[in-house]
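Undergrad: Below is the structure I would like to discuss, written out as C-alpha cells.
Just so it is clear, none of the values below were taken in a lab; they were calculated from the coordinates. Being a predicted model, the structure only gives us computed values, none of them experimental. Cβ atoms come from the backbone with ideal geometry, glycine included; neighbour counts cover every protein chain shown.
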Amino acid sequence: MNKGIQRFYTRIWGSYELINSILTLGMDARWRKKAAASAVKSSREPGLFLDICSGTGQTAIDLSRRLPYPNRIIAADFSPQMLTQAAAKIHEKGIATISFTLADALLLPFADNSFDAITISFATRNLDAKQGHLLQAFREFHRVLKPGGCFFNLETSQPRLKIIRWFFHLYVKLTVKPIGWLISGSESSYAYLSSSIRSFYPAPELESILYEAGFKTVAYQRFLFGAAAVHQACK
Ligand SMILES: C[S@@+](CC[C@H](N)C(=O)[O-])C[C@H]1O[C@@H](n2cnc3c(N)ncnc32)[C@H](O)[C@@H]1O
C-alpha cells in the first residue's frame, strides 16, 4: 500500500469532486459515463461489478444507473474518508445495489475469477507512484476478473500531437496546483497530481502494460485530442 497517496486523499476528500469538475470544465463526468456505458455493454447478466479506487463513488453510481437489476456493484477504495463520502451520497440517492469494501488495489481481498467487469477512473496514475506497482495492480485486476470479463481504465493520457500536448501540459501546470491548493488547502497533493498528469503514459504504452499483465485483448478510445483515454482490456 502507498501510505503517502493514502494520506493525501485523506487531506482532499471534501473538495475533490468540485476541483475535478472545475479543472476538466465538467468533462470528467461525461467521460465517466461513457466508460460506465462501455462496461455495462461488455458484461453478461446478471453480473458482479467492481469499481476499484472508487473514491466518492461516481463511476459506481454511473454503473448502477445503467445496469438492470439484479446486478451488484462493489465500490472499493483504501481511503475510509472517500468511502464514507461515497456511502452518504449513494444512501441519499436511494441506490441499493452498491456495497463498499475498504481495499488496496495492489492486494485485492477477492477470490480469483469473481467479477464480470472492473472499472477504475482517474486513479491509475496513483497506482504508478512506485515502480512495478501499476503492473502488480493490473495483474490483480486480471486475477479477480472472470474469463471473458473486461477491465475499463479511464485516465488522463497524452495528446498525440506535440503542439496540443504542449498546450495541455501548460494548462495543467497553470491550473491544477494553484486551483487545487486554493480550494482544498493542500499544496502538496495538487503538486503531485499536476506532475503525475504530465508524466503519465501515452495510450499505446498503457496498452502494452495491460498486455504484459496478461490481458488477451486491449483497445482504447481517446477523449479531447488524447487528454484522456479509456482502455478496455479483456481476459
Ligand atoms: C483521483 S481519485 C479517483 C476517484 C474516483 N474513481 C473518480 O473517478 O473520481 C483516486 C482514488 O483512488 C484511491 N486509491 C489510490 N491508490 C489506491 C490503492 N492502492 N488502493 C485503493 N484505492 C486507492 C484514492 O483513495 C482515491 O479515492
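Undergrad: Please tell me the relative contact order of region 159-235 in percent, rounded to the nearest whole number, where contacts are Cα pairs under 8 Å and at least six residues apart.
TA: So the answer I get is 26 percent.
Undergrad: For region 18-161: lysine pairs with Cα atoms under 18 Å, gap of 8 or more or different chains, count?
TA: Within region 18-161, the lysine pair count is 4.
Undergrad: Work out the length of the dipole vector of the chain about its Cα centre, built from +1 on the beta-carbon of each Lys and Arg and -1 on the beta-carbon of each Asp and Glu, and round it to the nearest 20 debye.
TA: In total the dipole reaches around 460 debye.
Undergrad: Right, something else. So, R0 is 22 Å and r is the distance between the beta-carbons of residue 173 and residue 27; what FRET efficiency does that work out to, to 0.05?
TA: So, using R0 = 22 Å, E works out to roughly 0.75.
Undergrad: Still on this structure: Taking other Cβ within 10 Å of each residue's Cβ, how do 44, 125, 160, 198 sort, fewest first?
TA: Listing 44, 125, 160, 198 from fewest to most nearby Cβ atoms yields 44, 160, 198, 125.
Undergrad: Tally Lys and Arg at +1 and Asp and Glu at -1 over the other residues with C-beta under 15 Å from the C-beta of residue 199: what net charge comes out?
TA: Around residue 199, the charge tally is +3.
Undergrad: Once Lys and Arg get +1 and Asp and Glu get -1 on their Cβ, which of 71, 27, 111 lies farthest toward the positive end of the dipole of the chain?
TA: Toward the positive end, the furthest listed residue is 27.
Undergrad: Looking at 94, 80, 57, which one has the Cα that reaches farthest to the positive end of the dipole of region 54-98 (charges on Cβ: Lys, Arg +1; Asp, Glu -1)?
TA: 94
Undergrad: Check every DSSP H run in the chain and write down those whose alpha carbon atoms cover 27 angstrom or more along the long axis and whose mean Kyte-Doolittle hydropathy is 0.5 or greater.
TA: Passing helices, by number: 162-184.
Undergrad: Give me the percent relative contact order of region 62-175, please, defined on Cα pairs under 8 angstrom at least 6 residues apart.
TA: 23
Undergrad: Below 8 Å, C-alpha to C-alpha, sequence gap of six or more: please give me the relative contact order for the chain in percent.
TA: For the chain, the relative contact order is 20 percent.
Undergrad: How far is the Cα center of region 115-190 from the Cα center of region 215-235, in Å?
TA: 12
Undergrad: Summing +1 for each Lys or Arg and -1 for each Asp or Glu, what net charge is found among the other residues whose Cβ lies under 13 Å from the Cβ of residue 100?
TA: 0
Undergrad: Within 10 Å of each candidate Cβ there may be at most 12 other Cβ atoms; applying that plus a DSSP loop requirement, which GluC sites (Glu not before Pro) in region 75-169 survive?
TA: none
Undergrad: Please report the antiparallel percentage of the DSSP beta bridges confined to the chain, to the nearest 5.
TA: Percent antiparallel among DSSP bridges in the chain is about 45.
Undergrad: Moving on. For region 59-110, just say rounded, prolate or oblate: build the C-alpha gyration tensor, square-root its eigenvalues into a ≥ b ≥ c, call rounded for a/c under 1.5, and beyond that prolate if a/b exceeds b/c, oblate if not.
TA: It is oblate, given that a/c is not under 1.5 and a/b is not larger than b/c.
Undergrad: No partner Cβ under 4.7 angstrom, meaning no disulfide-compatible partner by this rule: which Cys of the chain qualify?
TA: 53
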